[in-house]
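Read the structure below first, then the notes.
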Amino acid sequence: MGSISGRILIAGTVSLLMCLFLSPKFIEFLRRREFGQNIREEGPEGHHSKAGTPTMGGIIIFTAIAVPFLILSKRSWEAMGVFGVALACALLGFADDYTKIVRRRSLGLRARTKLIVTILISLGLWWIATQKAGLEPTIRIRFTDLQIDVGPLYPVFIYIVVAGTTSAVNLTDGLDGLAAGCAAIVLLAYIGITFITTGKADLSLLAACLVGSCIGFLWFNSFPASIFMGDTGSLGLGGAIAGLAVMTKTEVLLILLGGIFVIEALSVVIQVFSFQMFRKRVFLMAPIHHHFELQAWSETKIILRFWIVAAACAAIGFTVYQLSIRG
């Protein structure tokens, strides 16, 4: 147990240090190449000053994750499956970011392209989970002893988890350090969840790499940001969280563990539904962090309070998980 926890600690620390040391040169490289963020015209007025800030920081995040993970892990099917999903989602995000930069506009890949690639990624995760990791096609409700066998609908369920999580993390990535901080908090809970679960040491190690990388990236991404993670980072981190949820059978519990992401995504759904049905807006702007911006909250105040909510949700979710395995 000691050697396992040591490897996990080393992996997380190496990821953090790699992010800290590689980011300055990478930011300088992006500035020289003019790979800057394009800001949407309809966004909050205060965001226009952020135009041109280097983006695609997800490249650094996943470089810092990949190196220690591939060297120190035993490359179990569960961990490689999660890593593969995270990397594939990050590559999809990279293609989206690159398209935005080349076209000099805030729109990236076509929605159809994203849909097809996400379906393929989800099918890959389903195949590894059921054929290689030996998971049953069931949904576990952690609040009770209930397990629902979904059979042939399991790949559809996995697609919903992957698409929902990546989209929610992507929507949260609207303020400096918000998505990176919230993702680190949720992934920290997953270090505990995977470490408690017997035989999932590789998943713990991967989660530690993800946490370390997010924290290292926050040094440069916190307000005022020197670099943004872009879709490369947000989709990749979303894919990692979704993969961890599938491999630990916490897909339903993820609604609580990643409560902050659910709140952000729900605010958009509510806003769109309300406007389409009643031609009225519930929020001044969606996602909800923009609503508070337009209420004259400072960016740092919103970010810190959202981190607090994220920590509370993750702590409650982790407690529910512990109670479920003891019961």
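Numbers below:
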item: Selected residue (criterion: farthest from residue 77 (Cα to Cα)) from residues of segment 103-137 that are surrounded by 15 or more Cβ atoms within 10 Å (Cβ to Cβ) and hydroxyl-bearing (Ser, Thr, Tyr); result: 118
item: Sole residue being more than 17 Å from residue 258 (Cα to Cα) and buried (at least 24 other Cβ atoms within 10 Å of the Cβ), chosen from 177, 181, 212, 151; result: 212
item: Every residue from segment 11-47 that is over 14 Å from residue 213 (Cβ atoms) and at pLDDT 85 or above; result: 24, 25, 27, 28, 29, 30, 31, 32
item: Residue match in segment 225-236 (condition: out of contact with any helix residue (DSSP H, G or I) (no Cβ under 8 Å at 6 or more places or on another chain) and at pLDDT below 95); result: no
item: Residue match in segment 297-313 (condition: hydrophobic (A, V, I, L, M, F, W, C) and touching a Pro at 6+ places or on another chain (Cβ under 6 Å)); result: no
item: Helices (runs of 4 or more DSSP H) completely within segment 250-327 that count 3 or more residues being basic (Lys, Arg); result: 299-326
item: Tally, over segment 220-249, of residues that are assigned to a helix (DSSP H, G or I), closer than 21 Å to residue 29 by Cβ and not β-branched (Val, Ile, Thr); result: 7
item: Some residue of segment 269-283 being touching a Leu at 6+ places or on another chain (Cβ under 8 Å) and of a type in the set (A, V, I, L, M); result: no
item: Of residues in segment 263-319 being polar (S, T, N, Q) and surrounded by 20 or more Cβ atoms within 10 Å (Cβ to Cβ), the one farthest from residue 178 (Cα to Cα); result: 271
item: Residues that are hydroxyl-bearing (Ser, Thr, Tyr) and crowded, with 21+ Cβ neighbours inside 10 Å, drawn from segment 54-80; result: 55, 73
item: Near pairs, Cβ below 7 angstrom, 6+ apart or cross-chain, from segment 214-231 (closer than 11 Å to residue 58 by Cα) to any residue that is in a helix (DSSP H, G or I) and aromatic (Phe, Trp, Tyr); result: 227/220; 229/217
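Residues checked against (1) under 22 Å from residue 62 (Cβ atoms); (2) in contact with a strand residue (DSSP E or B) (Cβ under 8 Å, 6 or more places away or on another chain):
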residue	(1), (2)
239	yes, no
251	no, yes
259	no, no
266	no, no
270	no, no
273	no, no
281	no, no
284	no, no
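The values are calculated or read from the model by the stated rules, or taken from the named source; none is laboratory data. Since the model is a prediction, treat every value here as computed from it, not as a measurement. Using ideal geometry, Cβ is built from the backbone for each residue, glycine included, and neighbour counts are taken over all protein chains shown.
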